[in-house]
1. Filter segment 233-277 down to residues that are aromatic (Phe, Trp, Tyr) and out of contact with any helix residue (DSSP H, G or I) (no Cβ under 6 Å at 6 or more places or on another chain) and give me whichever is most open to solvent (accessible area, probe 1.4 Å).
2. Given the conditions (1) part of a helix (DSSP H, G or I); (2) open to solvent by less than 10 Å² (accessible area, probe 1.4 Å); (3) over 19 Å from Asn195 (Cα atoms), report the number of the one that Arg137 does not fulfil.
3. Right, Ser145: touching a Gly at 6+ places or on another chain (Cβ under 7 Å), at pLDDT 95 or above and either more than 18 Å from His198 (Cβ to Cβ) or open to solvent by less than 10 Å² (accessible area, probe 1.4 Å) (or both) or not?
4. Between a residue in segment 170-188 that is more than 16 Å from ligand 1 (Cβ to nearest atom) and any residue that is open to solvent by less than 60 Å² (accessible area, probe 1.4 Å) and not aliphatic (A, V, I, L, M), which pairs come within a Cβ distance under 6 Å, given they are 6 or more apart or on different chains?
5. For the list (1) within 16 Å of ligand 1 (Cβ to nearest atom); (2) out of contact with any helix residue (DSSP H, G or I) (no Cβ under 6 Å at 6 or more places or on another chain); (3) open to solvent by less than 60 Å² (accessible area, probe 1.4 Å); (4) assigned to a loop (DSSP other than H, G, I, E, B), I need the number of the one condition that Gly211 fails.
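The values are calculated or read from the model by the stated rules, or taken from the named source; none is laboratory data. Just so it is clear, the model here is predicted, and its values are computed rather than measured. Don't worry about glycine lacking a Cβ; one is built from the backbone with ideal geometry, like all the others, and counts go over all protein chains shown. Surface accessibility is based on the protein's heavy atoms, side chains included, excluding ligands, DNA and RNA. Shrake-Rupley method; radii C 1.70, N 1.55, O 1.52, S 1.80 Å.
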Amino acid sequence: MVSYIDAATAPLKNTGQIRLYGPDDFEGMRRASQVTAACLDGVTDLVKPGVTTQEIDDYVYEFGKKHGAVPATLHYRGFMKSCCTSINHVVCHGIPGPKPLKEGDIVNIDVTFVLDGWHGDSSRMYGVGKLKRASERLIEVTHESLMRGIEAAKPGNTTGDIGYAIQSYVEAERCSVVRDFCGHGVGKLFHDMPNILHYGQPGEGIELKPGMIFTIEPMVNLGKPHVKVLKDGWTAVTRDKSLTAQFEHSIGITPDGCDIFTTSPKGLFNPLHPETQ
Ligand code: MF3
Ligand code: CO
Ligand code: CO
């Protein structure tokens, strides 16, 4: 049976209980998350043909330094970079390096900054120059699937309602949902309970309560849902080499819905439609 615990009195480790955070905690999450979102805004102009993913990583590190925030991924379980950069058929956890971006690439950039102990975790898609129609459609479907998941994130609903909202939409669009990675509790810890699956059935899973803080971060493939992890131990790719996309927000459940902590200050969250969150 799942149990819930007041985050103020809970030990700072994953005990299997679900932390319920208070209003001050939500403010802390918003501050950390807004540094992450501003950084992802700042990256937008950098993403051009010829730029290496290492240059993007350097930008993220420096941005954090300027704002008193530390990248949570740096030294995390042996990961040695300040962000993940996942290009084309890379599903997630791509490692920044000397490879330059090229015209037509689509890239997910995933940043988590820690500020005053709070983890703001978000990722977006970026297009390099002019994109193919199929790439644009995949980005559109993936963004919409996240927004539908967020719509289902409210008290009384369950984690299964979120998964169902995402999966039913994605599959109706003839795309597939990656099963091997999920959203997660976030806040004082980077990866906490509960797991937020991006597939499922209505009413399944854990009941959502005000004060819960977690990410939703669907990975959507144009082909089959299956992935494999490369020999570097991190880079996850689609088995069929099909194109894949991901968007991620950190959110907190409120009495009547949820707060999105990682909204873009400049309205750049969806690259195809500036002015969206
Ligand atoms: N930010 C990723 C997430 O959304 C986790 C990256 S862990 C890393 O949960 F080690 F690969 F960086
Ligand atoms: Co995450
Ligand atoms: Co992330």
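1. Start the filter on segment 233-277 by keeping residues that are aromatic (Phe, Trp, Tyr), which leaves 234, 247, 261, 269.
Narrowing further to those that are out of contact with any helix residue (DSSP H, G or I) (no Cβ under 6 Å at 6 or more places or on another chain): 234, 269.
Values: Trp234: 56, Phe269: 0 Å².
Across segment 233-277, the extreme among qualifying residues is Trp234.
2. With (1) part of a helix (DSSP H, G or I); (2) open to solvent by less than 10 Å² (accessible area, probe 1.4 Å); (3) over 19 Å from Asn195 (Cα atoms) applied to Arg137, the lone miss is (2).
3. Values: touching a Gly at 6+ places or on another chain (Cβ under 7 Å): no; at pLDDT 95 or above: yes; either more than 18 Å from His198 (Cβ to Cβ) or open to solvent by less than 10 Å² (accessible area, probe 1.4 Å) (or both): yes.
So Ser145 fails the test.
4. If the second residue must be open to solvent by less than 60 Å² (accessible area, probe 1.4 Å) and not aliphatic (A, V, I, L, M), the pairs left are Val170/Ser145; Ser176/Asn221; Ser176/Pro225.
5. The failed condition is (1).
Residue-by-condition table, conditions (1) farther than 18 Å from Arg124 by Cα; (2) within 16 Å of ligand 3 (Cβ to nearest atom); (3) open to solvent by 50 Å² or more (accessible area, probe 1.4 Å); (4) of a type outside the set (A, V, I, L, M, F, W, C):
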| position | (1), (2), (3), (4) |
| --- | --- |
| Thr53 | no, yes, no, yes |
| Ile56 | no, yes, no, no |
| Val60 | no, yes, no, no |
| Lys65 | yes, no, yes, yes |
| Ala69 | yes, yes, no, no |
| Ser82 | no, yes, no, yes |
| Gly94 | no, yes, no, yes |
